[in-house]
1. Of (1) surrounded by 10 or more Cβ atoms within 10 Å (Cβ to Cβ); (2) under 60 Å from the mean Cα position of the chain (by Cα), residue 70 satisfies all except one. Which?
2. For region 189-202, which residues satisfy the criterion of being within 16 Å of residue 297 (Cβ to Cβ) and either at pLDDT below 90 or surrounded by fewer than 16 Cβ atoms within 10 Å (Cβ to Cβ) (or both)?
3. Within region 102-209, considering only strands (runs of 3 or more DSSP E) that don't extend past its boundaries, which have at least 3 residues that are more than 30 Å from residue 377 (Cα to Cα) and assigned by TED's automatic domain parsing to the domain that holds residue 303?
4. Return yes when residue 46 is in a helix (DSSP H, G or I), hydrophobic (A, V, I, L, M, F, W, C) and more than 23 Å from residue 2 (Cβ to Cβ) and no when it is not.
5. Output the number of the condition that residue 255 fails; it satisfies all remaining conditions of (1) within 23 Å of residue 325 (Cα to Cα); (2) touching a residue at least 12 places away in the same chain (Cβ under 8 Å); (3) assigned to a helix (DSSP H, G or I); (4) out of contact with any Asp or Glu (no Cβ under 8 Å at 6 or more places or on another chain).
6. If you check residue 223 against the conditions, is it closer than 19 Å to residue 291 by Cβ and either part of a helix (DSSP H, G or I) or not assigned by TED's automatic domain parsing to the domain that holds residue 159 (or both)?
7. Among the residues of region 236-262, what is the count of those that are at pLDDT 90 or above, over 22 Å from the mean Cα position of the chain (by Cα) and hydrophobic (A, V, I, L, M, F, W, C)?
Amino acid sequence: SPIYSHLSSSIQGIPMIRSYGAQQTCIQEFSHCLDQHTQVYSIMLAMNRWLGMRIECVVSAFVGFLTFSILLTYQNLPISDLSLILAYSFTLVGSVQWIIRLTVDVMMQMTSVERVIEYIDLQPEESPNVKNLRSLPPQWPIGGIVFDNLSFRYSSTSSWVLTNINISIQPNEKIGIVGRTGAGKSSLIQSIFRMAELNGRILIDNVDTQQISLYDLRRHISIIPQNPVLFNDTIRINLDPFGEYSDIEIWNALDEVQLKSDMIDGLQQQVTEGGSNFSVGQRQLICLARALLRKNKILVIDEATANVDHRTDGLIQLAIRRKFVNCTVLTIAHRLRTIIDSDKVLVLSHGQVMEFANPYELLCEDQSHFAELVSQTDDREATHLIQQAKMTARARHS
């Protein structure tokens, strides 16, 4: 219910609520939810009394009709028998009320049954024992990605959110993905992980992702999501849930993201539900440490630095530049300076590719969509972005 969900989210977000001084706002939202619940509950009580009164009237009318019918039909009926009939007839009031209310309760609870049946009939995403339709090369993947006439949508009844995407990404390239809200940036990433239905092909080193199992596909791609996923367990389980790495390797990964000193209880330090005992920046760094451990050749960053401070942003960018040099990195950018030194920038709009080229080349075109995005920042930031793109382009060609 809204009350329980509001209480749960408020308890989890107490530090944020206090830091922003939003206590009064939360109290007002809770009061609004409570008022709505009270209104609905009062209506339910009134309807119960209304129904009870109507049932009593109907049963009383039935008993009266039964009494007169007996008197007219059986005029010589002993008074004791008539009294017994009437006594048992009055018990119908409670029985009828109970049956009707039970029927209403069953009808109300049928929504839960329908939901359970829906989940029972829901097709599983894929069995973990599904075998690949083709064998994978020993060193797969190297990092090359080709989107071949890709279209993507979230269900068979929804509209396409990506249409006719045709781009080729070379191994080890750093790609920045930009666009306005709803342009299809996150949908492009979800298509790589096969989160929903897609039309066309995504080739990773000439291997069609639809011909391999989800397990093999997703375990070879690392991701740092915008909302980090942490389990209610130790930091070691969060970094290495399958026990594939030694303590030394895990400590080295934590050291790379400068979280080693924060682990007071070592690798057995507990992580609360959703990682609430860590800041947003620390949760992002834990996900980065997880990616460092995996050593995958493809890294996806879904606006990971959108909600973190500049220090954490700098740590993430530094680790990516140092440790993922030989990896293909796809970055959905919220801050343009995050991707200004990328090899190429992919500009999306309404699910279609507008531009796909080097950032400096796009900035040299006054009418380009990327140049328009840069011009919408303040003058100081725009100047910095242009200079940074120019320096990166010169360094790349030198």
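1. If we test residue 70 against (1) surrounded by 10 or more Cβ atoms within 10 Å (Cβ to Cβ); (2) under 60 Å from the mean Cα position of the chain (by Cα), just (2) comes out false.
2. 193
3. Details: elements: 145-152, 162-169, 174-178, 198-204.
Qualifying strands (runs of 3 or more DSSP E): 145-152, 198-204.
4. On the way: in a helix (DSSP H, G or I): yes; hydrophobic (A, V, I, L, M, F, W, C): yes; more than 23 Å from residue 2 (Cβ to Cβ): no.
It is false that residue 46 is in a helix (DSSP H, G or I), hydrophobic (A, V, I, L, M, F, W, C) and more than 23 Å from residue 2 (Cβ to Cβ).
5. Of everything listed in (1) within 23 Å of residue 325 (Cα to Cα); (2) touching a residue at least 12 places away in the same chain (Cβ under 8 Å); (3) assigned to a helix (DSSP H, G or I); (4) out of contact with any Asp or Glu (no Cβ under 8 Å at 6 or more places or on another chain), residue 255 misses just condition (2).
6. Working: closer than 19 Å to residue 291 by Cβ: yes; either part of a helix (DSSP H, G or I) or not assigned by TED's automatic domain parsing to the domain that holds residue 159 (or both): no.
Against the criterion (closer than 19 Å to residue 291 by Cβ and either part of a helix (DSSP H, G or I) or not assigned by TED's automatic domain parsing to the domain that holds residue 159 (or both)), residue 223 does not qualify.
7. 5
Okay, residues lined up against (1) surrounded by 14 or more Cβ atoms within 10 Å (Cβ to Cβ); (2) in contact with a Ser or Thr (Cβ under 9 Å, 6 or more places away or on another chain); (3) at pLDDT below 90:
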| residue | (1), (2), (3) |
| --- | --- |
| 89 | yes, yes, yes |
| 92 | yes, no, yes |
| 101 | yes, no, yes |
| 123 | no, no, yes |
| 142 | yes, yes, no |
| 178 | yes, no, no |
| 187 | yes, no, no |
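The values are calculated or read from the model by the stated rules, or taken from the named source; none is laboratory data. Please read these numbers as outputs of a predicted model, since none were measured by experiment. Here the Cβ is made from the backbone with ideal geometry for all residues, glycine too, and neighbour counts use every protein chain on show.
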